[in-house]
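Encoded as structure tokens, the structure appears first; notes follow it.
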Amino acid sequence: MENNVLIDREEEMNFLNRLYASDKAQLVIIYGRRRIGKTFLVKNFVKGKKSIYYLATKEGEEAQARDMSKVLAEFFNDTALAMSPFSRYSQVFEYLAKKATERLVFVIDEYGYMMESSPYVSSVLQKYWDDHLSKSKAFVILNGSIITLMESLLSRKNPLYGRRTGQWHMQPIAFKDFADFLAVKSFEDKVKCWSVTSTILFYAKEFLDYSSFEEFVANTFFNKSHIFYEEGRVIVSDELGDVETYFSILSEIANGASRSIDIANKAGMKNTSLPKYLKRLLEIGFIGKEVPINEKQSSKKSLYYMEDNFLNFWFSFVYKNRGLIESGKGKELEGLLNARLDTFIGKAFEKLIRDNIVSFCPFEAERFGRWWGRDPSRPKGMNQEEIDVVALNEKSKDILFAECKWTSKPIGVDVYNELMRKSKLVQWHNNDRHEHFALFSKSGFTDEMEKLAKEEHVLLFGLEAIEKALENRSC
């Protein structure tokens, strides 16, 4: 299965190979979410090339310089270095520069760990880059998962600013390639898996060992011996430290709090203290922020949501139920899972369609998102309304309204009528817009709805139609 992991990374490989083909020294920064495939990309890139790989730790300078010496001594068959290893990073970088008389790739993986234990290491590298390495044939790759630290290398304030010759922020692969990876599974199972793993293949490949999605979840997330059980904590702690406040905020957002005032109240903190935490979580991509599609980004109606599917599921089902998991009360968790899973997957299904709405839209969508607001004709407290997906084009004044249903029952005319009613509440070119309507359903549509769709040109997408559309274009 490992041979299949390097999927949809042609652009990244071409980027690295272009730099490698030059005669100049290269200092490349590669970073991205934990488990996204950075190390596998780099290891595939260096195949057949003269290269040295070092996995950094959180140990101090002397210990890491000694470990790096062992790697260098083995590669260059340097007995003297093996017997008398270096104790300083400066010695390592100077030695490397002397040896790089021909193209040599030197990878420091998890460079962020090295930065944590030795905050000055980039200053040392900068000095030896300027004095020696930049004049060599060295191809240095700094690879890391701690996004905040790795992005700091791009800052003007960082010693390496102006030295790097390239950088790449690795993003999740396209859903189409994710679906191809899970080719033996049904499309329904692919959507379910995506809802808890995003398109992270390291997680998704575990699903291949199970016959059902429910069995997969029970034996990974709810199994205290499996890496998934601790993975959420590790991801957050590596990036933000063991800060209880971040865990509380993420837990409340995953469990439905979306307005800042609600998040603060449920997390037990002052609303005025919340923005700095939300800002950090937004920067590293753990959460997202949205406003109604017809509002400006500065709108006070903004809501927060979990951007990372894996963390969303982990905080929704694992974090607050650790006591049950630790005590081995799996049956109680199975009941919780069965009661809430369809709702959870349903929200993810909405996001999948929304993110890929260009694949379904009958016009060129310039913007897309959700809409929510109030129906002034209804009593206060009962007048909140929402439309799952809205896409629009300002020039042509086309607008698409869509609802997504992940239920065991076919969608009927009542859902369409409700969508029609709610669409009238959306204030956007109301007098001259061209309206389109679409319904997306896990379980298809009633005969009545299919008949009406033909008469009123409503777009209907069951799972088979969704799969076909996503095969052509995906997020």
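The values are calculated or read from the model by the stated rules, or taken from the named source; none is laboratory data. Only a predicted model underlies this, so the values are computations on that prediction, with no experimental measurement involved. Glycine also receives a Cβ, built like all others from the backbone with ideal geometry; neighbour counts cover every protein chain displayed. For accessibility, only protein heavy atoms count, side chains too; no ligands or nucleic acids. Shrake-Rupley method; radii C 1.70, N 1.55, O 1.52, S 1.80 Å.
Think of each Lys and Arg Cβ as +1 and each Asp and Glu Cβ as -1; about the Cα centre, that makes the dipole of the range 104-171 roughly 320 debye.
Compute the accessible area per residue over the range 363-412, keeping the other protein chains in place, probe 1.4 Å, unit Å².
Working: 2600 Å² over 50 residues.
That works out to 52 Å² per residue.
Which of the pairs K24/K47; K50/K127; K190/K266 have their Cα atoms more than 27 Å apart in this structure? Exceeds cut-off: K190/K266. Each label was represented as a point 7 Å from its Cα along the Cα-to-Cβ direction; for T101 and L324 these points are 6.6 nm apart. How much net charge surrounds N321 when only the other residues with a Cβ under 10 Å from the Cβ of N321 are counted, with Lys and Arg +1 and Asp and Glu -1? So the environment of N321 carries a net charge of +1. Judged by the mean number of other Cβ atoms found within 10 Å, the most tightly packed of the peptides 121-128, 462-469 leads the ranking 121-128, 462-469. For K98, the aspartates and glutamates whose Cα falls under 12 Å of its own Cα, not counting residues fewer than eight places away in the same chain, are D131.
At a 1.4 Å probe, what is the % contribution of carbon and sulfur to the accessible area of the range 220-262? Of all accessible area on the range 220-262, carbon and sulfur atoms account for 44 percent.
Relative protection proxy for 276-282, 102-108, from highest mean packing down: 102-108, 276-282 (other beta-carbon atoms within 10 angstrom).
Taking the mean number of other Cβ atoms within 10 Å as a proxy for protection, how do you rank 183-194, 422-433, 67-78 from highest to lowest? Please list the in-between numbers first.
Values: 183-194: 18.0, 422-433: 13.3, 67-78: 16.2.
Final packing ranking: 183-194, 67-78, 422-433.
Entry comment: accessible area of the range 119-222 is 38 Å² per residue, from protein heavy atoms only and a probe of 1.4 Å.
Using the 1.4 Å probe convention, the accessible area of the range 283-349 works out to 48 Å² per residue with neighbouring protein chains retained. The apolar share of the surface of the range 37-114, taken as the fraction of accessible area on carbon and sulfur atoms (1.4 Å probe, ligands and nucleic acids excluded), comes to 49 percent.
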